[in-house]
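The values are calculated or read from the model by the stated rules, or taken from the named source; none is laboratory data. In this text, all values refer to a predicted model and were calculated from it rather than measured experimentally. Cβ atoms come from the backbone with ideal geometry, glycine included; neighbour counts cover every protein chain shown. All accessible areas refer to the heavy atoms of the entire protein, side chains included, with ligands and DNA or RNA removed. Shrake-Rupley method; radii C 1.70, N 1.55, O 1.52, S 1.80 Å.
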Amino acid sequence: MRKMNLILLNLLVAASVVFLSSCKKDPEAPLPTIDFTSTPDATYAFNTGTTFTLGVKIYAPEKLRLVNVELIVSGLPVQNLENYPKKSGFTEDNTTYEATLNVPVSSNLINGTRVQVRVSAKDRGANGGRTVERSFFFTVGQAGSGRVENVNVGSGGSAPLLSSIVTVTLGDQGAIEGSYLRTDNGTVYTTSQVDALSNTDASKIDITLGRTTGGSVGPDKIVLISPALRASDNDAALFGTNFNFGSAGANKSSSTNTYFATTTLSPATATADDVDELSFSSSQEYIVITQGGTYSFVNDMGKKGVIKVESIENSGTGKRVVMKYVVQR
């Protein structure tokens with residue numbers, strides 16, 4: 001009997017080990033790593049009007065989707081470093097990115113201003129990718145003030161962080177307000193302002209607004225429109241003829257594809273994980289909106305966001321729309 005009990009005990013222990021092993025989650029793939037391979041020495045004073053270099057190397061075992069570099073000063077719009085974000089130029093089967101960044105110290109800043117150079121990398125891992133950030137900080141006019149912060153992983157270890165809630169007012173083609181929105185910094189442009197932009201800056205506009213004039217959608221509908229659709233000749237379903245991106249006489253080129261969907265999420269309550277799990281159809285390059293409605297979008301950089309339409313009001317001979325949104329940083 002004692003021998004039988006011993007056998008049964010051994011079988012129970014073995015079964016428990018197998019059960020516990022089967023309950024363990026598979027280890028997640030490693031997150032991207034960001035290293036600053038070179039930084040200014042202690043004699044560099046970060047004086048206004050000068051430029052310094054940062055060496056950066058990024059490695060993403062799950063392959064890179066996006067690399068961005070931003071200059072951040074409290075109270076000012078976030079500014080992308082020239083030629084960023086990047087969606088290509090990665091090496092070693094898309095796992096590695098290495099560059100020397102030329103970072104300007106703006107002549108508009110005063111001594112003592114703290115500046116953040118934020119480098120972010122998004123991979124092609126689960127749930128649409130994981131984002132990792134690392135930053136270099138310096139103080140204008142203070143030698144030796146440069147330092148590198150620890151790595152900051154998006155909320156939940158995978159989802160990119162969200163911006164704070166932004167409120168903007170857009171107008172249709174008959175309104176006084178501009179109808180072109182750059183969601184990463186909340187800038188709204190009029191048609192003439194778009195025409196004055198470089199193609200690089202124009203391509204950062206990811207949402208436009210208009211009022212339909214006919215086509216299969218019918219007249220007098222307020223719609224959010226992908227810049228790429230608005231710049232093409234394929235928007236007859238909305239306007240009967242091409243509505244243009246910029247003025248009709250100087251159609252500003254834009255390759256920014258933005259896709260839309262309805263959603264139950266609200267900018268006030270949506271979490272980083274909620275937004276990261278949103279899905280879209282590549283056929284939905286415009287969406288009809290109504291007052292009180294909530295909508296989601298994803299732009300050419302893979303950044304997802306949530307919009308709530310607060311009001312639709314008369315403006316000039318058209319309509320203006322007040323809306324709030326959050327977007328992935």
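Scanning segment 137-158 for residues being more than 18 Å from Tyr59 (Cα to Cα) and either β-branched (Val, Ile, Thr) or at pLDDT 65 or above (or both) gives a total of 11. Is segment 205-217 home to any residue that is modelled with pLDDT of 85 or more, assigned by the TED database to the domain that holds Gly316 and open to solvent by 20 Å² or more (accessible area, probe 1.4 Å)? Scanning segment 205-217, I find at least one residue that is modelled with pLDDT of 85 or more, assigned by the TED database to the domain that holds Gly316 and open to solvent by 20 Å² or more (accessible area, probe 1.4 Å), so the answer is yes.
Taking Leu54, is it open to solvent by less than 50 Å² (accessible area, probe 1.4 Å), part of a strand (DSSP E or B), under 25 Å from Thr183 (Cβ atoms) and not basic (Lys, Arg)?
For Leu54, the condition - open to solvent by less than 50 Å² (accessible area, probe 1.4 Å), part of a strand (DSSP E or B), under 25 Å from Thr183 (Cβ atoms) and not basic (Lys, Arg) - is not met.
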